[in-house]
1. Gap in Å between the Cα centre of segment B:6-28 and the Cα centre of segment B:199-213?
2. In nm, to one decimal, how far is the modelled label at A:Q45 from the one at A:L201, with both set 7 Å along Cα→Cβ?
3. So the label point sits 7 Å from Cα along the Cα-to-Cβ vector; using that for A:A53, what distances do you get to the other copies, in nanometres, sorted shortest first?
4. Give the aspartates and glutamates whose C-alpha is closer than 15 Å to that of A:K116, dropping any in the same chain fewer than 8 places away, or say none.
5. Leaving out same-chain residues fewer than 8 places away, which aspartates and glutamates sit with a Cα under 13 Å from that of A:K213?
6. Can you give the net charge of the other residues whose Cβ lies under 12 Å from the Cβ of A:I121, counting K and R as +1 and D and E as -1?
7. In nm, one decimal, shortest first: how far is the label point of A:P138 (7 Å from Cα along Cα to beta carbon) from the matching points in the other copies?
8. For A:G220, place a label point 7 Å out from Cα along the Cα→Cβ vector, do the same in each other copy, and report the separations in nm, one decimal, smallest first.
Protein chains: 2
Amino acid sequence: MQNIAIVLVSGGLDSATALAAARAAGFACCALSFDYGQRHASELQAARRVTAALQCLEHVVSRIDLRVFGGSALTAGIPVPKDRPTAEMSAGIPVTYVPARNTIFLSFALAYAEVKGARDIFIGVNALDYSGYPDCRPEYIQAYERMAGLATRAGVEGNAPLRIHTPLIAMTKAQIIQTAVRLGVDLSQTQSCYDPSPEGLACGHCDSCLLRKKGFAEAGVPDSTRYRQ
Amino acid sequence: MQNIAIVLVSGGLDSATALAAARAAGFACCALSFDYGQRHASELQAARRVTAALQCLEHVVSRIDLRVFGGSALTAGIPVPKDRPTAEMSAGIPVTYVPARNTIFLSFALAYAEVKGARDIFIGVNALDYSGYPDCRPEYIQAYERMAGLATRAGVEGNAPLRIHTPLIAMTKAQIIQTAVRLGVDLSQTQSCYDPSPEGLACGHCDSCLLRKKGFAEAGVPDSTRYRQ
């Protein structure tokens, strides 16, 4: 019998590739997405396409209310920055940072893992093109893993510890795209844009679109993204 | 100006005492409660009474959907055990354990702290009368604090690290009750029962009621709990 892994799937390029990596590593995958009041709700449709195409055992969409905390362009109605040079993107924590988002997402994944008896969680964080998000750094993930090992029934009962897998953490966007293509991910089904049209067409100008475009160009892979223009 | 602390307030005896301890330590308190599909929803009314009486700056109730994960008598419709001897309660992880609950709650507190610029979080966990919950142990809290210090903007920008305060962690229930009385908490406003009536009257027989009753008796404090019978 295959071991089960919990995979955080946002519907973007990175999480789709992390899901494909979990499958390639032999896991049966349970996908977890969040409806957290994000302005780009069409990414949940992308998440459904991706989890269906990559044959997840199940796909849970958990509704959580992050808007009460405000503080981010992705949830609080602050304008998403457009056409920023790459140097500026990596110069600090951007307004698109959602406070403690990965910590919250991983905590739900931990609960889900405990219920499923899974000991493996996959998350598509990336420390290179991470645009200054503190909760994408390797030292953060290691500290999370250590905490998670103490947080649950498995931690008390001395079972195998929980592992947080970050297959993309040291990859460039170009390497992620090449990995996705190699693992058979249909990238046209994914959505990375911070400010898409209601139908899910990408704006082509936010930080996420610019990094993704650059990644396709550097990977030498035709850009299958559906743009608004 | 007073520093702000985020305090997790369930409406029970322990969290009300933790809130009073945060106030006594000089913090201006922002309270955080969760509507997570718990069967004892009347505890949210207790939380509102407690945060009003203890003059919180604000009280946020965040709605989160834990029921998708099932797995606990508090959320999944499994019967709450009644009239168990204390020895049996502490012999393992009970069915009232909610997978990764404190991890999820602390993660929301972390987001709230970041938005408020707070560096202090209070949680009323207790390692003595904790009935076998893995996420009430000191080593878990320490690991969480370490992770939290790396998870946020403050972690990147080198500000003061985040602290998780657990003023009750080494107290018996009797000591918690004595502390609450000393700090002026009106314990009749709190609700600890796992299986209360819709009006919030305590059953008197679940693990939580039994521990609370025993605590009042050992503290030599008249039990002000409103029981069903």
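1. 21
2. In this crude spin-label approximation the distance works out to 1.2 nm.
3. Those separations, rounded to one decimal, come out as 5.7 nm.
4. Partners found: A:E58.
5. A:K213 reaches A:D83, A:D129, A:D223.
6. 0
7. Taking the point 7 Å beyond Cα along Cα→Cβ, the inter-copy spacings are 3.3 nm.
8. 8.3
No value in this document is a laboratory result; all are computed from the given coordinates. None of the values given here were measured: they were computed from a predicted structure. With ideal geometry, Cβ positions are generated from the backbone for all residues, glycine too; neighbour counts draw on all protein chains shown.
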